[in-house]
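Take a look at the structure below.
The values are calculated or read from the model by the stated rules, or taken from the named source; none is laboratory data. Keep in mind the model is a prediction, meaning the values are calculated, not measured. Cβ coordinates were reconstructed from backbone atoms using ideal geometry, including for glycine residues, and neighbour counts include every protein chain displayed. Heavy atoms of the whole protein, side chains included, go into the accessibility calculation; ligands, DNA and RNA do not. Shrake-Rupley method; radii C 1.70, N 1.55, O 1.52, S 1.80 Å.
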Amino acid sequence: MSGYSQIQTSIEAGVARIELDRPQQYNALNRKMVSEIANALESFDRNERVAVVLLSGRGKVFSAGADIDEMMNDNPIHLELLNQFTDWDRITKIKKPIVGAVQGLVLGGGFELALSCDLLISAAKTEFAFPEVELGVMPGAGGTQRLTKLAGRTKALEWLFTGERISAEEALKHNIINRIVQPEVLEEESLKFAMKLAQKPPLSLRLIKDAVNQADHTSVEEGMQYERKNFYLLFASNDQKEGMKAFVEKRKPRFEGR
Ligand code: DAK
């Protein structure tokens, strides 16, 4: 019993799965769902059985964005009092790698959630968009920042101004996703990929993610100083000893995440 009502969770072979579970509403993200996603991610981040998280959506659409019914009567004071951005911020603090598997439509807040993942695998024919402009608003959970960082100002502004859909091929070309697979094998391929990642030394994954995150807001020089500290830190791990010993002994390493 997970205690969640908007998502399903499970753990298998080092991979924790979080599945958005409102397929009839195209996995529209209500506040409870975002909070459950953040709770599940934090709990998996602390769970020693978990090396990698795989985030996906049940049904034919990954997510059609924030739940419009829920937010249509919002006002700034209500939004401020809800302090809803905190849940989105919690998602960005997760230390373990998050792989996203997306299909169908990835819209608005659903696109922002996908962009919060570290790696994205997309089914062919998936379409991505920020349709907020059609609703008289704009992305509010990192969309303008993350899309611009990945695709550059020129394309980001075009897509954000028009709300037009981005094909999976374009998303791949503009560094928004990592790979495209056929829809019928999305689940199998993304799970296989996440399980392969889960075989790597967990501390290396964690500190690589941490160092790469620094690149978003530091100079190369400062980032390299930061990288160096993480590099040193790994020499304090059993996995560094085991990894190098196994190489010399010509055998497969057994990593333990310590
Ligand atoms: N919200 C609520 N319900 C939605 C929904 C949404 N975003 N998208 C789809 N649904 C529901 C529909 O109402 C319908 O439910 P029933 O009527 O059957 O009960 C069901 O899902 C199927 O949708 P359709 O009947 O419309 O199906 P179609 O295939 O004809 O069209 C569609 C699918 C995805 C093209 C269409 O439903 C659509 O345009 N949906 C809205 C897409 C959209 O504009 N998304 C962006 C929302 S704005 C924040 C953080 C983030 C955000 C906001 C605040 N804070 C931290 C404060 C993010 C904002 C957004 O994402």
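The figures follow:
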item	result
The stretch 10-53: number of residues that are part of a loop (DSSP other than H, G, I, E, B) and either over 22 Å from Glu70 (Cα atoms) or within 12 Å of the ligand (Cβ to nearest atom) (or both)	12
Hey, Thr86 open to solvent by 40 Å² or more (accessible area, probe 1.4 Å), among the polar types (S, T, N, Q), in a helix (DSSP H, G or I) and away from the ligand (no atom under 14 Å from the Cβ) or not	no
Pairs with Cβ under 9 Å, 6+ apart, first in the stretch 41-59 and charged (D, E, K, R), second assigned to a strand (DSSP E or B) and open to solvent by 10 Å² or more (accessible area, probe 1.4 Å)	Arg49/Ile11; Arg58/Gln8; Arg58/Glu19
Given (1) in a loop (DSSP other than H, G, I, E, B); (2) surrounded by fewer than 19 Cβ atoms within 10 Å (Cβ to Cβ), number of the condition Ala141 does not satisfy	(2)
Residue under evaluation Gly110, criteria (1) away from the ligand (no atom under 16 Å from the Cβ); (2) under 15 Å from Ile166 (Cβ atoms); (3) assigned to a helix (DSSP H, G or I), criterion not met	(1)
Some residue of the stretch 129-148 being within 30 Å of Leu203 (Cβ to Cβ) and more than 16 Å from the ligand (Cβ to nearest atom)	no
Selected residue [outside any helix (DSSP H, G or I) and at pLDDT 95 or above] from Lys200, Lys192, Lys196	Lys200
Selection from the stretch 175-202 of residues that are in contact (Cβ under 8 Å) with a residue 24 or more places away in the chain and open to solvent by 50 Å² or more (accessible area, probe 1.4 Å)	Asn175, Asn178, Arg179, Ile180, Gln182, Pro183, Glu187, Glu189, Gln199, Lys200
Some residue of the stretch 142-160 being farther than 27 Å from Leu186 by Cα, small (Gly, Ala, Ser) and modelled with pLDDT of 95 or more	yes
Checklist (1) buried (at least 19 other Cβ atoms within 10 Å of the Cβ); (2) away from the ligand (no atom under 16 Å from the Cβ); (3) in a helix (DSSP H, G or I) applied to Ser56, failing item	(3)
Subset of the stretch 124-159 that is farther than 18 Å from Ala171 by Cα and acidic (Asp, Glu) - its residue that is nearest to the chain's Cα centre (by Cα)	Glu132
